[in-house]
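The numbers here are math on the coordinates, done by the rules we state, and not lab data. In this text, all values refer to a predicted model and were calculated from it rather than measured experimentally. Backbone-built Cβ (ideal geometry, glycine too); neighbour counts: all protein chains shown.
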Amino acid sequence: MSPAVQTDPRIPVTVLTGFLGAGKTTLLNYVLNANHGEKIAVIVNEFGEVGIDNQLVVGANEEIFEMNNGCICCTVRSDLIRILGDLSDARLGKKDRKVNFDRVLIETTGLADPAPVAQTFFVDPSISSDYRLDAIVTVVDAKHAEQHLNDGHEAQEQVAFADVLLVNKTDLVSDTELQKLEQRLHAMNPAATLYRTQQSKIEINQILGIHAFNLDKKLEIEPGFLEEEDHEHDDEVGSLFFRETRPLDLDKVEGFINEWLIEHGTDTFRYKGILNIKDLEERIVFQGIHMLFSAYPDRLWREDEQRISEFVVIGRHLDEAWFQQQFTNCIA
Ligand SMILES: Nc1nc2c(ncn2[C@@H]2O[C@H](COP(=O)(O)OP(=O)(O)OP(=O)(O)O)[C@@H](O)[C@H]2O)c(=O)[nH]1
């Protein structure tokens, strides 16, 4: 882990998403009951419901905040900003009641598009100075995933945005079905780490404190996924992976990224990569969500590693030839 990551004083936030009934509340309860020694503030969003989830969430020591006025991804985003602001004020003792917590968990409704939630942590300065998005964790219902993925954009987007995919309810399907589903998920989002779970049981350190948005380590993308034979799913959402050993020209890369965001920003959900730029001793890491893009120099390239540029793009109707051409044009 890089020193910057270790010393980042901001409060880590985990966004829990997942298909309807996939096991999000089960996961939340499991996390709150687990023996991790942390105090967790929970923000629950239920679409148009009155606090049902609140009653299902156990853990008397936790602070639970509810947002029941609508979907977290649209009307309630300002509510989210307000709650996060109030929470950090209360943590600093600026409110009537002091609240102690080490991290925040946001459970979104099964219909929420996670992008606006994630973007909140980048766009709103008061939020991004106090909080850092640690990871988006998506719970997938192994039994109904095929149907959910075939039916709706939301389910596909939740997979596309995930840093961690929990394939839950594995007790309800055969091993063959599981493997087929995992292949499909992997083709849609090869950058996500995938775990099989029952009753959403998972090692806590595999979902909390994983720094998925820090890119402090080399991207763990398996290039082999491109060669996978099973392409029978014609999902709108898919992924592309690019790799280049020749150094790139910084100006050309900037031009490429500008074009990209103008031409394909709305269709690219998540992207992340590491670039080997000519005459730069540091790795350049970049990532983004739709149009929100950030790039910065990371650590120095080590003597013992190959300087290589690689990035993954996850999105809808991706034009592979266009990306490849643009990327190739960036070679110095
Ligand atoms: N068979 C089986 N059932 C499970 C598993 N995990 C959770 N469930 C059940 O699935 C149902 C839905 O779980 P929840 O945790 O409420 O799902 P959710 O994603 O919070 O649901 P919504 O908030 O309605 O979207 C509950 O009855 C759980 O007990 C599992 O691994 N296997």
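Each residue of the range 134-139 was assigned a 3J(HN,Hα) from its phi angle through the Karplus curve 6.51 cos²θ - 1.76 cosθ + 1.60 (θ = phi - 60°); the sequence is 8, 6, 9, 10, 10, 8 Hz, with glycine and proline shown as x.
Fully extending the segment from residue 306 to residue 97 would add 70.0 nm, taking 0.36 nm per residue of separation and subtracting the current Cα-Cα distance.
Extension gain for residue 126-residue 196 works out to 21.6 nm (0.36 nm per residue, less the C-alpha to C-alpha distance).
Near the amide H of residue 332, within less than 5 Å, lie the amide hydrogens of 248, 249, all on another chain or at least 5 residues away, with H placed in the peptide plane. Highest mean first, the peptides 120-129, 93-102, 311-320 sorted by other C-beta atoms within 10 Å per residue fall in the order 311-320, 120-129, 93-102. Net charge in the neighbourhood of residue 319 (other residues with Cβ under 14 Å of its Cβ; Lys, Arg +1, Asp, Glu -1) is -4. Scaled against 2.2 N^0.38 Å for its residue count N, the alpha carbon radius of gyration of the range 236-332 is 1.03.
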